[in-house]
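Colleague: The structure's right below; bear with me while I get my questions together.
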Amino acid sequence: MKITTTILALLFATSLCAKPLQLDYVIYDPVGESGNQQIIIDGSSITSSLYQTWNNRVVDYKETTEVDEMGQVISFQVKGTSAFGAQIEEVYRCDAGTASWKSTAESGSTPSDCKTYYLPLDSAGGATMLLNKAAIDKGSVDLLPSGALTATKLNQVELVEGDKRANLTLYAFSGTGFNPSFVWVDEEGLRFATYWSSGGSLRQGWDRKHLETLGEIEKAAEQQYYEELAAKMAVPIESELLLKNVAIVDVKTGVRTEGRDVLLADGKITAIGSNLSSTDARIIDAKGQTLIPGMWEMHGHLSIGQGIMNIAAGVTSVRDIGNEHENIMRVEDLFENNTIIGPTVYRSGFIDKLSPYASKSSKTAESLDEALAHVDWFADRGYGQIKLYSSIEPEWVKPLAERAHARGMRISGHIPAFMTAEEAVKAGYDEIQHMNMLFLNFLEKNIDTRTKLRFTIPGTEGGNLDLTSQEVKDFVALMKEKGTVVDPTITIINYAFNAKAGVSNIAFNDVAAHLPPSIQRGIRQGMLRIEEHEREAYSASAANMNRMIKVLHDAGVQVIPGTDFYNGIAYHSELKSYVAAGISEADVLRLATLDASSVVKAEKMTGSIEVGKAADLVLIDGNPLEDFSVIRRTTLVIKGQQMYQPDRLWQSIGVQPFAKSIEL
């Protein structure tokens, strides 16, 4: 069957065929198949199904879309379960001059001639394929409830396998999120493949090797996109830069001193004082601004599209806590050489035991010997840390920690299934990721942390934990004694435990209005499957976990800010949660800068404003020691020999800026 270039012809041609057009896709992770997708076009009806598993998460959607004789979508319905268990149910209909939509997150209606496309919050594939097809045909299409989708043609390739040939085109689709999405379509404009660093989706019947071929072409196109952005946004410091009349925060003492000058050259801080001058320097008058060290995101999983968000937020260093090796090496190189905009990268390796629950984003092992070999593999390639995941056997932890320590690396992670946090610390854990993992130590023993029990037990029981109990005091003292670091990722816990369909999430109340419309819609969705009678318990648990951050800090346990979530956007929410928990603004700034740099042994190079250290600096409009909410109001970010205006960076990804940048 030949499908012409319009949806109308597509539907008429399909209706005349002896059988419907069926498109089947295989979804891959790094190890093998991890799901499937099917789209069936039968006359005016398009039915879709999507099933995908990864890291003990399951997406299971069923969808039906109806179109009229002109190929316009007149109804859409999707039901199913999201990755973390929340129920999905969404409907759209256009009839009698009115378009209406309703989901678990929102409802609305507007007068409509049914020529505007609806953007689903969730899709099994069919509705998204029609929407992308329309954008390809028209260049750009308006969307309901708001916004527009634009398709940009990037590249073409012919795939050959035996007697099969496929002429494919790569498109970038932009306007519905922070970054463009990339899709390969066939000659009819129908999706053929989608690539991501740890796998992808490919039309059934074609060898997976083609996904890698398409991926290399896509990565080059994506890189070109971000290189062009960097060429527009980055301002090189050609010789010297002199910041005049600025207030400097000394994160070691927590003191802010006004009326200071800071001279930068060759990517370093070369002088700090009053009435500094230089005949070669570019001068910026920063009166009324506060200068802080560049901040550190300690729980990232980076891609090249995330660099802009981090830099705009004043995050100049990111610890990547687990990634596909080739991807993170590429990201690190592009960021380090300023080919594209992004922070300095510090790499952590990632190991899990191969199991039905395993995360396969990096290294998996079937034996302790294989896991030990992975530790050596990461050490040989300059990684500074190993993160262990939930399927690791408890008895493996001690020898893995010993090997990591012998190779000069730290060891951290989730608490493995059927192990307690206390046992992990005693076995050699240097750090615990996620506050829910720490709370499990006190709630129930022998928990299978590979499953959603790692969320549901802390969610329903965490509010009852007495933080003044002897059991808690003893474990906190043990962490202090051992030097154990805690990476609480409290923002994602606040988000998940308080997420209620139809309500803007409290974790982003102060920022929601700045986000792209589609992202605003998304943060009104549920995340976990929380029954109505459980909501009070989940909310109380989140509040207790926030209080635990202050308990840890007061006891001298090192807390570091990481998000595992919306880059840049969630980071400030993380810091603000620490202040809300009762930690002083000065201490939080130190946690976000010097203390974080110390964890990766970079404190002699960065983390504070001192002569000789890296010129990783952020100007803030306001005084964060008095009003921490101004931490979002970045007005200039300096990373080495590059300067960036945050308002321009935010605008480039569809975010309304939080402050006007310094003029350059």
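Residue by residue, here is whether (1) touching a Phe, Trp or Tyr at 6+ places or on another chain (Cβ under 6 Å); (2) under 19 Å from Gly654 (Cα atoms) holds:
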site	(1), (2)
Asp137	no, no
Val141	yes, yes
Ser146	no, yes
Leu154	no, no
Asp186	yes, no
Leu190	no, no
Thr194	no, no
Gly199	yes, no
Leu202	no, no
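Colleague: For the range 580-615, which positions are surrounded by 20 or more Cβ atoms within 10 Å (Cβ to Cβ), assigned to a helix (DSSP H, G or I) and of a type in the set (Ser, Thr, Tyr)?
Modeller: Thr593, Ser597
Colleague: Going through the range 580-607 one residue at a time, which ones are of a type in the set (Lys, Arg) and under 26 Å from the mean Cα position of the chain (by Cα)?
Modeller: Arg590, Lys601
Colleague: Do you know which residues across the range 243-270 are in contact with a Lys or Arg (Cβ under 7 Å, 6 or more places away or on another chain), crowded, with 18+ Cβ neighbours inside 10 Å and free of Cβ contacts under 8 Å to residues at least 60 places away in the same chain?
Modeller: Of everything in the range 243-270, just one residue is in contact with a Lys or Arg (Cβ under 7 Å, 6 or more places away or on another chain), crowded, with 18+ Cβ neighbours inside 10 Å and free of Cβ contacts under 8 Å to residues at least 60 places away in the same chain, namely Asp261.
Colleague: Right, next: Mind listing just one residue for me: the one in the range 74-111 that is among the charged types (D, E, K, R) and within 29 Å of Arg535 (Cα to Cα) and, of those, modelled with the lowest pLDDT?
Modeller: The qualifying residue modelled with the lowest pLDDT is Glu106.
Colleague: May I pose another question? Pick out the one residue from Glu238, Glu212 that is modelled with pLDDT under 95, surrounded by fewer than 18 Cβ atoms within 10 Å (Cβ to Cβ) and within 19 Å of Tyr28 (Cβ to Cβ).
Modeller: It is Glu212.
Colleague: I'd like the residue in the range 492-536 that is in contact (Cβ under 8 Å) with a residue 40 or more places away in the chain and in contact with a Phe, Trp or Tyr (Cβ under 6 Å, 6 or more places away or on another chain) and, out of all such residues, is surrounded by the fewest Cβ atoms within 10 Å (Cβ to Cβ).
Modeller: Checking each candidate, the answer is Leu528.
Residue-by-condition table, conditions (1) in a helix (DSSP H, G or I); (2) of a type outside the set (A, V, I, L, M, F, W, C); (3) in the same structural domain as Thr489 (by TED's automatic domain parsing); (4) under 18 Å from Met298 (Cβ atoms):
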| residue | (1), (2), (3), (4) |
| --- | --- |
| Asp376 | yes, yes, yes, no |
| Ala379 | yes, no, yes, no |
| Ser390 | no, yes, yes, no |
| Val397 | yes, no, yes, no |
| Ala401 | yes, no, yes, no |
| Gly408 | no, yes, yes, no |
| Ser412 | no, yes, yes, yes |
| Met419 | no, no, yes, no |
| Glu423 | yes, yes, yes, no |
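Colleague: Follow-up. Take Gly97 and decide whether it is of a type in the set (Gly, Ala, Ser), surrounded by fewer than 19 Cβ atoms within 10 Å (Cβ to Cβ) and closer than 30 Å to Asn323 by Cβ.
Modeller: No, not satisfied.
Let's see how each residue does on (1) outside the structural domain of Ile304 (by TED's automatic domain parsing); (2) under 21 Å from Thr253 (Cα atoms); (3) modelled with pLDDT of 95 or more; (4) assigned to a loop (DSSP other than H, G, I, E, B):
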residue: Tyr538; (1), (2), (3), (4): no, no, yes, no
residue: Leu552; (1), (2), (3), (4): no, yes, yes, no
residue: Phe565; (1), (2), (3), (4): no, no, no, yes
residue: Tyr578; (1), (2), (3), (4): no, yes, yes, no
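Colleague: Inspect the range 154-173 for any residue being in a loop (DSSP other than H, G, I, E, B), more than 30 Å from Met643 (Cβ to Cβ) and out of contact with any strand residue (DSSP E or B) (no Cβ under 6 Å at 6 or more places or on another chain) and give the result as yes or no.
Modeller: yes
Colleague: Within the range 206-249, which residues are among the aliphatic types (A, V, I, L, M) and not in a helix (DSSP H, G or I)?
Modeller: Ala234, Val235, Ile237, Leu241, Leu242, Leu243, Val246, Ala247, Ile248, Val249
Colleague: Keeping to the range 478-496, report how many residues are modelled with pLDDT under 95 and farther than 13 Å from Met435 by Cβ.
Modeller: Result for the range 478-496: 0.
Colleague: Just a yes or no: is a residue in the range 291-303 surrounded by fewer than 24 Cβ atoms within 10 Å (Cβ to Cβ), touching a residue at least 60 places away in the same chain (Cβ under 8 Å), in a strand (DSSP E or B) and not β-branched (Val, Ile, Thr)?
Modeller: Yes, some residue in the range 291-303 is surrounded by fewer than 24 Cβ atoms within 10 Å (Cβ to Cβ), touching a residue at least 60 places away in the same chain (Cβ under 8 Å), in a strand (DSSP E or B) and not β-branched (Val, Ile, Thr).
Colleague: Which ones in the range 66-105 are farther than 15 Å from Thr116 by Cβ and polar (S, T, N, Q)?
Modeller: If the condition is that a residue be farther than 15 Å from Thr116 by Cβ and polar (S, T, N, Q), then Gln77, Thr81, Ser82, Gln87, Ser103, Thr104 are the ones that fit.
Colleague: Moving on. Specify which of the listed residues (Arg256, Arg203) is assigned by TED's automatic domain parsing to the domain that holds Leu121 and either under 30 Å from Thr279 (Cβ atoms) or of a type in the set (Lys, Arg) (or both).
Modeller: Just one listed residue meets the conditions, Arg203.
Colleague: Could you figure out which of (1) part of a helix (DSSP H, G or I); (2) crowded, with 24+ Cβ neighbours inside 10 Å; (3) in contact with a helix residue (DSSP H, G or I) (Cβ under 9 Å, 6 or more places away or on another chain) isn't true of Ile328?
Modeller: (3)
Colleague: Restricting to the range 42-63, name every residue that is under 15 Å from Leu23 (Cα atoms) and either free of Cβ contacts under 8 Å to residues at least 60 places away in the same chain or of a type in the set (Gly, Ala, Ser) (or both).
Modeller: Correct list: Asp42, Gly43, Ser45, Ser48, Ser49, Tyr51.
Colleague: Within the range 146-173, count every residue that is farther than 16 Å from Thr194 by Cα and crowded, with 19+ Cβ neighbours inside 10 Å.
Modeller: 1
Colleague: Of the residues in the range 363-415, how many are in contact with a His (Cβ under 7 Å, 6 or more places away or on another chain) and among the small types (Gly, Ala, Ser)?
Modeller: 2
Colleague: Still on this model: Among the candidates Gly462, Gly428, which residue alone is surrounded by 15 or more Cβ atoms within 10 Å (Cβ to Cβ) and within 21 Å of Ser541 (Cα to Cα)?
Modeller: Gly462
Colleague: When you scan the range 339-374, how many residues do you find that are of a type outside the set (S, T, N, Q) and not in a strand (DSSP E or B)?
Modeller: 17
Colleague: Is it true that Arg410 is basic (Lys, Arg), in contact with a Gly (Cβ under 8 Å, 6 or more places away or on another chain) and either touching a residue at least 12 places away in the same chain (Cβ under 8 Å) or surrounded by 15 or more Cβ atoms within 10 Å (Cβ to Cβ) (or both)?
Modeller: Yes, satisfied.
Colleague: Counting only residues that are among the β-branched types (Val, Ile, Thr) and at pLDDT below 95, which one in the range 12-40 is farthest from the chain's Cα centre (by Cα)?
Modeller: Among those that are among the β-branched types (Val, Ile, Thr) and at pLDDT below 95, it is Thr14.
Colleague: Any residue at all in the range 434-448 that's touching a residue at least 60 places away in the same chain (Cβ under 8 Å), surrounded by fewer than 16 Cβ atoms within 10 Å (Cβ to Cβ) and either touching a Cys at 6+ places or on another chain (Cβ under 8 Å) or not small (Gly, Ala, Ser) (or both)?
Modeller: The answer is no, given that none of the residues of the range 434-448 is touching a residue at least 60 places away in the same chain (Cβ under 8 Å), surrounded by fewer than 16 Cβ atoms within 10 Å (Cβ to Cβ) and either touching a Cys at 6+ places or on another chain (Cβ under 8 Å) or not small (Gly, Ala, Ser) (or both).
The values are calculated or read from the model by the stated rules, or taken from the named source; none is laboratory data. Here the structure is a predicted model, which means the values were calculated and not measured. A quick note on method: Cβ atoms are made from the backbone with ideal geometry, for glycine too, and the neighbour counts reach across all protein chains shown.
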